[in-house]
Amino acid sequence: MNGNHWTNDEVVDHLYGVGPEDGHERECAECQWRIVELQARREAAASGDAVTAGFLRSQRLAIAGRIEARRMELQAWWRTPVWVAVMAALALVLSAPRPAREATVAGGLNLAQDAEMYLEIYQSISSEEPRALAPMHGLFEEQ
Amino acid sequence: MPQAAADLLREFDSWVGREQKRVYLLCLRMLQEAEEADMAAQDCFLKAHRALTAKQNIELDDPSKWITRIAVNTCLDRLRSRSWKLWRRRPSHEDEAVILANAAEESPCAESQAFAQQISARLEAALAMLSERQRAVFLLRHYEDRKLEEIAEILDLDVGTVKAHMARAVAKLRLLLRDLYGELR
């Protein structure tokens, strides 16, 4: 504050939203007028840049051109990979290693045999009757 | 005003026509190089087109604020890029001398457009001295008259941070433009 009024720095600060928040500008007509005057100067300075219509037109054409180029690029991108992917999948199917498949089947058989063996061992261990008596059952079975 | 992305995409060309000058000038003030600003402005609309094409079912609260955010981010990216910094051209010593000589001259009519242009030229040189964020904050206020809250939204910052950037920017510019600033008193 300079006496009863804002300093020039405070007026400029206010214009950029970082001035004092004492509400002085609402009460003081002179400071209000200074703010309006400075605001008008700022607007005049801000509108000083001239851009020709020709420049803007050529820029719009360039934007449209780049959008179109990107669209074409995307279309080309979509077409090529589909074709390549189909060919790659076909090649994979044709070159699938058959021995690997047989090995899997053989592996499955081995597993079945192992299970049978473990079952026999389990039965012989868990039976209370001695293994040597098993043939004797045949003698007492009805024909 | 909220607008559906699909509608904006449909009238994309006319939207570009409406926003193009503002976006280009913002890029020019941020980058301070006409050719670079031209490419940046084009990039902004390309990015916008790509986003609108990808998400046509969304609704944009304020397309004008949205493209401003894209523009500021595009410029910040360019400013941050090492190659851009390497090749970035500052005003030559001769140009700076001319600017300073013009500033020192007595303006025949302080209210005239010539004076405004003089301020613009000086301001442009001074803006180069600000940090990227300070410049973005200052430009959005000075040239687009946006509120600090809006600037915070555009730059994805807190209002307090924007205020701090603005205070530093104004203080720095005040110092750099002290001679011109004196004429306003």
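Averaged across the residues of A:60-73, what count of C-beta atoms belonging to other chains lies within 10 Å of each residue's C-beta?
Values: counts 6, 0, 6, 12, 5, 1, 5, 9, 0, 1, 4, 2, 0, 0.
Counting other chains' Cβ atoms within 10 Å and averaging over A:60-73 gives 4.
Per-residue counts of other Cβ atoms within 10 Å, averaged by peptide: what ranking do you get for B:19-25, B:6-12, highest first?
Values: B:19-25: 20.6, B:6-12: 15.3.
Descending packing order for the listed peptides: B:19-25, B:6-12.
Which order do the peptides A:90-96, A:16-22 come out in when sorted by mean C-beta neighbours inside 10 angstrom, highest first? Can you show the working numbers first?
Numbers: A:90-96: 8.6, A:16-22: 16.0.
Most protected by this proxy first, the peptides run A:16-22, A:90-96.
Starting from the amide H of B:L60, placed 1.01 Å from N in the peptide plane, find each other amide H under 5 Å away whose residue is 5 or more places distant or on another chain.
Sorted by chain and number, the residues that satisfy this are B:Q3, B:A4, B:A5.
Using a 1.4 angstrom probe on the protein heavy atoms only, line up B:I70, B:I151 by accessible area, largest first.
Details: B:I70 25, B:I151 0 Å².
In descending accessible area the options line up as B:I70, B:I151.
How shielded is B:145-155 by partner chains, expressed as the average number of their Cβ atoms within 10 Å of its Cβ atoms? Before the final figure, lay out the partial values.
Values: counts 5, 1, 1, 3, 1, 0, 1, 0, 0, 0, 0.
Mean partner-chain Cβ count within 10 Å for B:145-155: 1.
Given 10 °C and 1.306 mPa s, compute D for the stretch A:7-56 with the Stokes-Einstein relation, Rh being the Kirkwood radius over Cα pairs; round to the nearest whole µm²/s. Could you put the intermediate results ahead of the total?
Working: Rh = 12.4 Å.
So the translational diffusion coefficient is about 128 µm²/s.
Heads up, I need the accessible area for A:R70: 1.4 angstrom probe, whole protein in place, Å², nearest 10.
The value for A:R70 is about 80 Å².
Just checking the output field for A:6-17: average partner chain Cβ neighbours within 10 Å of each residue's Cβ? Walk me through the numbers on the way to the answer.
Numbers: counts 0, 1, 5, 4, 0, 1, 5, 5, 0, 4, 11, 13.
Across the residues of A:6-17, the mean count of other-chain Cβ atoms within 10 Å is 4.
Which value, in Å² and to the nearest 10, is the accessible area of A:V82 when all protein chains are kept and the probe is 1.4 Å?
90
Under a 1.4 angstrom probe, counting protein chains only, how are B:D43, B:D62 ranked by accessible area, largest first? If you can, show how the numbers build up before the last one.
Details: B:D43 30, B:D62 50 Å².
From most exposed to least exposed: B:D62, B:D43.
Please list, or write none, the lysines whose alpha carbon is within less than 23 Å of the alpha carbon of B:K21, excluding same-chain residues fewer than 8 places away.
By straight Cα distance, B:K21 reaches B:K47, B:K65, B:K147.
The values are calculated or read from the model by the stated rules, or taken from the named source; none is laboratory data. Since the structure is predicted, the reported quantities are computational estimates derived from the model, not experimental observations. Please note: Cβ atoms are built from the backbone with ideal geometry, for glycine as well, and neighbour counts cover all protein chains shown. Heads up: the accessible areas ignore ligands, DNA and RNA and are worked out on the full protein's heavy atoms, side chains in. Shrake-Rupley method; radii C 1.70, N 1.55, O 1.52, S 1.80 Å.
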